[in-house]
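Below is one structure, written out as structure tokens; comments come after it.
The values are calculated or read from the model by the stated rules, or taken from the named source; none is laboratory data. Given the structure is predicted, the values throughout are model-derived calculations rather than measurements. Every residue, glycine among them, receives a Cβ derived from its backbone with ideal geometry; neighbour counts consider all protein chains shown.
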Amino acid sequence: MTSSSDDDTLKRAINYSYRLLAIKDRSKAELRSKLLDKGFNTDMSDRVISHLTSNGYIDDQRLAARLVKKAINEKYYGIYAIRHYLLSKGIEEEVIEHIELKREDLIESALGLIKKRTKSYSHMEIPNRDKKLFQLLKRRGHDTNTIKEALANLRR
């Protein structure tokens, strides 16, 4: 049997979580961290996370899919940077392992970044331009095969 104080604390923690989730979707890990920072104990945080998960307010799989789309379409990240990005957002390793990335999407991401930066490298000779683009794409987490394919598409 829980005391009235525990019930009040649980309500406050849930209401606080609703306010956080109204701002943006958060992973379980992000929300747990926010609750602990706010002064709620680990047990209370776990109860809130369980409540919100069972009611569909938190879904790391759904959040991961949304973050992957953002990483590909807006940030032009490659496979390695996407994985790092998801981990930084508190997405668990086992959720990340189940995400399927299409090769075409990764190539489109690389091409998107190339198109965005083409003006910057337009004054260079093709070998130097390709070298710079290769380095840029590597820094954005693209694998070598994706980069080579994107650069080949650029030359067509």
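Annotations
- Any hit, the range 121-138, residues being touching a Gly at 6+ places or on another chain (Cβ under 8 Å), outside any helix (DSSP H, G or I) and not assigned by TED's automatic domain parsing to the domain that holds R26: no
- Meets criteria (free of Cβ contacts under 8 Å to residues at least 12 places away in the same chain, part of a helix (DSSP H, G or I) and in contact with a helix residue (DSSP H, G or I) (Cβ under 8 Å, 6 or more places away or on another chain)) for L87: yes
- Flag for S27 being closer than 27 Å to R139 by Cβ, crowded, with 16+ Cβ neighbours inside 10 Å and of a type in the set (G, A, S): yes
- Tally, over the range 33-72, of residues that are over 21 Å from I96 (Cα atoms), touching a helix residue (DSSP H, G or I) at 6+ places or on another chain (Cβ under 9 Å) and of a type in the set (D, E, K, R): 4
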